[in-house]
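Engineer: The structure follows.
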Amino acid sequence: MRTLLLRLALFSAAAALAGCETYNRADAYAESKTVTLAEWDDWADAVCQSIVNADPFNEYHREKAPNGRVTIAIGDFINSSTRMDVGQDKDVFLNALTKKLTNSKKVQVTRLYSGTGGRTDSVTRNSRELAEDPQFRAGSTRSLDGQAEAAQLVLSMQFSQKRSTRSGDVNYENVCHIELIDQVNKAAIYMDDVMRKKTE
């Protein structure tokens, strides 16, 4: 009986270790799953186009910023995959996305506050203190103590990856879920899932 129990315990331990192989460190960096820098840039373009061409965004733009840009804050960026490099590469994606949104001439991205996916700038945040600093000529800092435009929309994103096999081909489906959230009513006005596939 003890021998049987010992064998069962060893079998269970081996099965548990085998199950863990899917999530080991080497697999988290597997080349077949890797999103390249060029693909991140292409993905950023797809996300930008999804946003600026969406009817809810354009209606918001017409109503809230008829002669200018909608101020957006980059909110949270959640990595729901097992990929470690997504966390490392997210700045490449977010920088490309911010550039493309800004260059669309419909959006300006605030640097005063952000979520886990955005970036703030310490000099921008402290500009009021600079305006009060006596070492600067008063005329050169007069406009620095003005009021900034608060973000009217928050862009929140989530990255997921799914492995699937069909006819012997292994596919990795990458999904970037995006939500545009209205800061006033705290509800999403637009959602989309921007997908990219890699075949092994």
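Laboratory data are not the source of any read-out in this text; all were calculated from the coordinates shown. Quantities reported herein were computed from a predicted structural model and do not represent experimental measurements. Backbone-built Cβ (ideal geometry, glycine too); neighbour counts: all protein chains shown.
Engineer: Could you run the Karplus curve 6.51 cos²θ - 1.76 cosθ + 1.60 with θ = phi - 60° over the range 177-185 and give me ³J(HN,Hα) per residue in whole Hz, x for Gly and Pro?
Structural biologist: 8, 10, 9, 9, 10, 6, 5, 6, 9
Engineer: List the residues, sorted by chain then number, that are 5 or more residues from T116 or on another chain and whose placed amide H is less than 5 Å from its amide H.
Structural biologist: The list, which skips near neighbours in sequence, is D76, F77.
Engineer: Something else now. Of the peptides 54-65, 101-112, 72-83, how do they stack up when ordered by the mean number of other Cβ atoms within 10 Å, highest first?
Structural biologist: Ranked from most to least packed, the peptides come out as 72-83, 101-112, 54-65.
Engineer: Around R69, with a cut-off of 13 angstrom between Cβ atoms, what is the net charge of the other residues, counting Lys and Arg +1 and Asp and Glu -1?
Structural biologist: Result for the local shell: +3.
Engineer: Quick one: which residues, 5 or more positions from Q108 or on another chain, have an amide H under 5 Å from its amide H? H modelled 1.01 Å from N in the peptide plane, none for Pro or chain starts.
Structural biologist: V70, T71, I72
Engineer: How large is ³J(HN,Hα) for each residue in the range 73-79, as worked out from phi by the Karplus curve 6.51 cos²θ - 1.76 cosθ + 1.60 (θ = phi - 60°), to whole Hz, x for Gly and Pro?
Structural biologist: Values per residue, Gly and Pro as x: 9, 7, x, 7, 10, 9, 9 Hz.
Engineer: Quantify how much of the Cα-Cα distance distribution of the range 54-113 extends past 13 Å, in percent.
Structural biologist: 68
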